[in-house]
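Trainee: Here's a structure for you.
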Amino acid sequence: MTGSFEVIQNERGQLVLRRPDHDDVVDVRVRRAFPWSSKERYVSIRSSDGKELVFVEDLNTLPANQRKLVEQWLASTSFIPIITRVISVDVRFGFQQWKVETDRGPTEFRVQEREDIRFLHDGRFSIKDADGNIYELQRLATLDEVSRKAIESVI
């Protein structure tokens with residue numbers, strides 16, 4: 001962790017960084033360096049123009065109230081739905097039309113290229129749709145048989 005600091009949420013709902021001997025920085029952004037592989041580690045607190053102000057190596061080193069606020073902020077600004085069930089994948093028109101259920105509800109999306117489906121080191125997959133949205137597909141063994149059959153031709 002870089003120095004001592006505190007993050008708070010102001011009355012306007014913005015995240016504010018407080019550090020000794022520095023002015024408060026209003027509207028900071030919190031980003032994970034490795035959102036797929038190290039969710040608890042390597043978190044950057046940045047100014048609204050992208051300059052890194054504080055780097056947290058491990059969220060577990062923060063006081064409980066600080067960690068909770070940072071985790072809530074990360075959850076609200078990181079949108080990576082987790083696919084829990086694959087209903088169908090239609091590949092008839094030169095692209096893949098996915099119909100799925102996610103932890104955020106049912107959705108449909110189009111995958112343009114096979115390369116937009118990436119195998120992750122721990123058995124999960126990241127899937128980028130034609131609009132640039134990212135989805136997480138759990139390990140194949142955790143999916144039901146219908147889901148596994150639906151994706152067997154594209155994975």
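The values are calculated or read from the model by the stated rules, or taken from the named source; none is laboratory data. Because the structure is a prediction, the values reported are computed rather than measured. Glycine also receives a Cβ, built like all others from the backbone with ideal geometry; neighbour counts cover every protein chain displayed.
Trainee: Could you pull out the residue among Thr77, Thr107, Thr102 that is more than 29 Å from Val56 (Cβ to Cβ) and either exposed (fewer than 13 other Cβ atoms within 10 Å of the Cβ) or free of Cβ contacts under 8 Å to residues at least 40 places away in the same chain (or both)? Even if it seems obvious, please write down each step before you answer.
Mentor: Values: Thr77 fails: more than 29 Å from Val56 (Cβ to Cβ); Thr102 fails: more than 29 Å from Val56 (Cβ to Cβ).
Among Thr77, Thr107, Thr102, only Thr107 is more than 29 Å from Val56 (Cβ to Cβ) and either exposed (fewer than 13 other Cβ atoms within 10 Å of the Cβ) or free of Cβ contacts under 8 Å to residues at least 40 places away in the same chain (or both).
Trainee: Does Asn133 count as among the polar types (S, T, N, Q) and out of contact with any strand residue (DSSP E or B) (no Cβ under 8 Å at 6 or more places or on another chain)?
Mentor: Details: among the polar types (S, T, N, Q): yes; out of contact with any strand residue (DSSP E or B) (no Cβ under 8 Å at 6 or more places or on another chain): no.
So Asn133 fails the test.
Trainee: Only residues that are part of a loop (DSSP other than H, G, I, E, B) and closer than 15 Å to Thr61 by Cβ: list them for region 1-38, please. Talk me through it step by step, then tell me what you get.
Mentor: First, pick out the residues of region 1-38 that are part of a loop (DSSP other than H, G, I, E, B): 1-5, 10-14, 19-24, 27-28, 33-38.
Once the filter is applied, which keeps residues that are part of a loop (DSSP other than H, G, I, E, B) and closer than 15 Å to Thr61 by Cβ, region 1-38 yields Met1, Thr2, Gly3, Ser4, Phe5, Ser38.
Trainee: Next question, about the same structure. Does region 1-37 hold any residues that are among the small types (Gly, Ala, Ser) and surrounded by fewer than 13 Cβ atoms within 10 Å (Cβ to Cβ), and which are they?
Mentor: Gly3, Ser4, Gly13, listed by residue number.
Trainee: Determine which member of the set Pro63, Pro35 is out of contact with any strand residue (DSSP E or B) (no Cβ under 8 Å at 6 or more places or on another chain), under 15 Å from Ala75 (Cα atoms) and not assigned by TED's automatic domain parsing to the domain that holds Glu136.
Mentor: Pro35
Trainee: Do you know which residues across region 120-155 are within 22 Å of Phe79 (Cα to Cα), surrounded by fewer than 13 Cβ atoms within 10 Å (Cβ to Cβ) and touching a residue at least 24 places away in the same chain (Cβ under 8 Å)?
Mentor: Quick first cut of region 120-155, residues within 22 Å of Phe79 (Cα to Cα) only: 120-140, 142-143.
Those still in the list that are surrounded by fewer than 13 Cβ atoms within 10 Å (Cβ to Cβ) too: 121-123, 131-132, 139, 142.
Those that are within 22 Å of Phe79 (Cα to Cα), surrounded by fewer than 13 Cβ atoms within 10 Å (Cβ to Cβ) and touching a residue at least 24 places away in the same chain (Cβ under 8 Å): His121, Asp122.
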